[in-house]
C-alpha cells in the first residue's frame, strides 16, 4: 500500500471513530440496549480476526496446531490465568503439537 493510500485509510478510520464517538454517542446515550450492543462490538471484531487468522491459510480453511494453541489460551483465559502466562503456555503448546508433526 502506498503512503498516500495508508494515510487516507488511517484518516478515514479516525474520522469514522470520531463520528461514532461524538455524533452517535449523544443519540444513543439514553438507550441501554444499544449501549450494551455497542460495548460488545470490539470483542466481536477481535473474535472474527482471531478466527480468520487461526482457521485459514491464504484461501484454504485448515485445522492445525494453531487451533490447539487457541483452545488452550481460551481455557486458560476462562480460568483467569494472567495474560503473560496464557501467551507463553499457548505458544509452547502450539510448538509441542507442531513438534509431534501435526500442523
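Computed from the coordinates by the stated procedures, all read-outs in this text should not be read as laboratory data. Everything numeric in this text was worked out from a predicted model, so none of it was measured. Because the Cβ atoms are built from the backbone with ideal geometry, glycine has one as well, and the counts that use them run over all protein chains shown.
Any residue that is loosely packed, with under 10 Cβ neighbours inside 10 Å and free of Cβ contacts under 8 Å to residues at least 60 places away in the same chain - is there at least one of those in region 85-98?
The answer is no, given that none of the residues of region 85-98 is loosely packed, with under 10 Cβ neighbours inside 10 Å and free of Cβ contacts under 8 Å to residues at least 60 places away in the same chain.
Among the listed residues 62, 86, identify the single one that is touching a strand residue (DSSP E or B) at 6+ places or on another chain (Cβ under 8 Å) and farther than 30 Å from residue 20 by Cβ.
Exactly one of 62, 86 is touching a strand residue (DSSP E or B) at 6+ places or on another chain (Cβ under 8 Å) and farther than 30 Å from residue 20 by Cβ, namely 62.
List pairs: first in region 17-33 and at negative phi, second surrounded by 10 or more Cβ atoms within 10 Å (Cβ to Cβ), Cβ under 8 Å, 6+ apart or cross-chain?
Matching pairs, first to second residue: 28/34; 28/35; 28/38; 29/35.
Of the residues that sit in region 30-80 and are surrounded by 10 or more Cβ atoms within 10 Å (Cβ to Cβ) and not in a helix (DSSP H, G or I), which one is nearest to the chain's Cα centre (by Cα)?
56
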